[in-house]
Amino acid sequence: MVVLDEPIKGVLDVRNYIDGEWVESGSEEYREAVNPATMRPLARVPMGCTEDVEAAVDAAQEAFPAWRRTTPLTRARYFFRLKDLLEQHFEEVSRVCTMEHGKTIDESRGEVRRGIENVEVATGIPSLMMGYNLEDISTGIDEAAIKQPLGVFACIAPFNFPFMVPLWFMPIAVATGNTYIIKPSPWTPLSMVKLMELVDEAGFPPGVINMVHGDVEPVQAILEHPGVKGVSFVGSSKIGRDVIYREAASHGKRVQAQCSAKNFLVIMPDADVESTVPGLLSSFFGNAGQRCLAGANLVMVGDDEKFIDGFLGKVQRATQGIRIGYGLEEGVQMGPLQAVPRKQRVMDYIEKGVDEGASLMLDGRKYDCGGYPRDCFLGPSIFQGVQPNMTIAKEEIFGPVMSVLHAGDLGDAIGMVNASNYGNAASIFTGSGKAARRFQYEVECGNVGVNIGTVAPMAFFPFSGMKDSFYGDLHGQGRDAVDFFTERKVVIQRWP
Ligand code: NAD
């Protein structure tokens, strides 16, 4: 067996990071974080409690007045230091991410790079935060709109991008002068432990950036605490809508909740096959399908059977060639699901698809996983003959499963996309600018791809989402994020 460079040795004792100190949680409940490829325990993780959140909010509130008065340029310089440290620890952080999540090392490197890009964008805050003004709105009277921080914000993160997701929010929130609390997923908290070690080394003043571990209780405490001004959530639609959006709003907080997805990739008969297939595979099976931007439904448009059979044959052969194993092994193309219940959930959907009459052309349950314990491993599956009303076509599976559907023409395909409750991402593959424009114009979802399989917005654009994929109005990242984390104040002046 190859000896791999695993940065986590033994079992870590995870602590909260509050007011610049590593502190024990007040909770007596702990959960084990496990490497899903080897099933070896990685850490003991506290499940957090209301007192932990109260301590973090106290620290963040206390740090706020001085941090707010720190000039934007000086605040940006802290992020330059953090960016340098992240570059120095890039490989280590990526390896931690693979160990706790299971994704391949290249996927982790991509995730960490995307996280760093958010830090880079935040270093531009002196320009990003500028307001605007107009002299002489009436004779001798001037008006200006300025942007000010509000106080303490918090992020509640999902398991599937343990490093990147909190960085969609924290850098802009803190660079605009707010103070912050990160609540990582209890399943994958260790990438954030690494980040907070680097935050500490970068020298951010105590209380400016804090971290509390755990699950339901600390989230409730964040939602109810009057000192928390706003919440950024990323996770499932059920929790995002029924818990986060409702409760945050009922406690008068700002909220942005980025939620579940069911993404359609539409293949027109004039798509370029050679460049389309690799992008498809990465979209459906990258991160073992555990991405909110993952392809879920593949819609073949038209009745050109030769094109459709040739295309699907290529997809199937390429999928069969995907190498599965421990993501730290270079060359492995797909890791395990992140945890045993996540694999079980996908297996249940596969059974449901078979029961509802779809044909399983490739059965991921029969895959070889390179000699690792099978607990979390599952190969890619492809269903054909899927109808739009089948469960596997409607619900988020969040695993490596492709459902192939057929549409008579582009209008039918757009109709299928728009009939979904979700509206996170959809892509069209075509050689026609006319078809692409119609798709972009009519499709009801927030992130639209043209000849792109995974529509991941860069840090300087908003990460959009519609319908049950997003609750709120201002999205994460980009200018939306600057507005979410600031209050617009209008000043009108006359000096007689
Ligand atoms: P989840 O909803 O189970 O958990 C998300 C967060 O909510 C975690 O921090 C968890 O501790 C907390 N939480 C869970 N149950 C709670 C409850 N009852 N009360 C209060 N807090 C609770 O989601 P997950 O399984 O970690 O993540 C996967 C989901 O996230 C998928 O649906 C995926 O599509 C979605 N996601 C969306 C985006 C996006 O940008 N739209 C990005 C990544 C993931």
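For I146 and S275, the FRET efficiency from 1/(1 + (r/R0)^6), where r spans their Cβ atoms and R0 equals 56 Å, is about 0.75. Sites count as exposed loop sites when they are trypsin sites (Lys or Arg not before Pro), lie in a DSSP loop, and have at most 13 other Cβ atoms within 10 angstrom; the longest stretch of the chain without one is 10-322. Each Lys and Arg Cβ is given +1 and each Asp and Glu Cβ -1; about its Cα centre, the range 394-472 then shows a dipole of about 240 debye. Straight-line reach from K262: taking Cα to Cα under 13 Å and skipping same-chain neighbours fewer than 8 places apart, the aspartates and glutamates in range are E395, E396, E444, D468. Over the chain, DSSP H runs of length four or greater, each weighted -39,500 (n - 2.57), average out per residue to a 222 nm ellipticity of -11000 deg cm²/dmol. Between N389 and S359, what FRET efficiency comes out of the Förster formula 1/(1 + (r/R0)^6) with R0 = 25 Å and r the beta carbon distance, rounded to 0.05? With R0 = 25 Å, the Cβ-Cβ based efficiency is 0.95. Along the charge dipole of the chain, Cβ charges K/R +1 and D/E -1, which of P65, S27, I125 sits furthest on the positive end? Comparing the listed Cα positions along the dipole, I125 ranks first. Taken one residue at a time, the phi angles of the range 294-303 give Karplus couplings (6.51, -1.76, 1.60, θ = phi - 60°) of 5, x, 10, 10, 9, 10, 8, 9, x, 10 Hz. Gly and Pro are set to x. Across the protein chains, with a 1.4 Å probe defining accessible surface, the residues E91, E111, E396, E32 rank E32, E91, E396, E111 from largest area downward. Put simply, the amide H of G295, placed in the peptide plane, has neighbours under 5 Å in F284, leaving out anything fewer than 5 places away on its chain. Taken along the Cα-to-beta-carbon direction at a fixed 7 Å, the label points for D412 and E32 span 5.2 nm. Ordering F429, S469, T74 by Cα displacement along the dipole of the chain toward the positive end leaves F429 in first place; charges were set at the Cβ atoms of Lys, Arg (+1) and Asp, Glu (-1). As a length-normalised measure over Cα pairs under 8 Å and 6 or more apart, the relative contact order of the chain settles at 18 percent. Here F484 sits with roughly 10 square angstrom of accessible surface, probe radius 1.4 Å.
Computed over protein heavy atoms with a 1.4 angstrom probe, the accessible surface ordering of V490, V266, largest first, is V490, V266.
A cut-off of 5 Å between modelled amide H atoms, ignoring neighbours fewer than 5 places along the same chain, links L12 with A43, R44.
Among complete DSSP H helices in the chain, none has alpha-carbon atoms stretching at least 20 Å along the helix's long axis together with a mean Kyte-Doolittle hydropathy reaching 0.0. Oblate is the label for the chain, because the ratio a/c of its alpha-carbon gyration tensor axes (a ≥ b ≥ c) is 1.5 or higher and a/b is not greater than b/c.
Ordering Y367, Y30 by accessible surface, largest first, gives Y30, Y367; the 1.4 Å probe counts only protein heavy atoms, with every chain in place.
The values are calculated or read from the model by the stated rules, or taken from the named source; none is laboratory data. Everything quoted here is computed from the prediction, not taken from an experiment. Cβ coordinates were reconstructed from backbone atoms using ideal geometry, including for glycine residues, and neighbour counts include every protein chain displayed. The accessibility values were calculated without ligands, DNA or RNA, using every heavy atom of the protein model including side chains. Shrake-Rupley method; radii C 1.70, N 1.55, O 1.52, S 1.80 Å.
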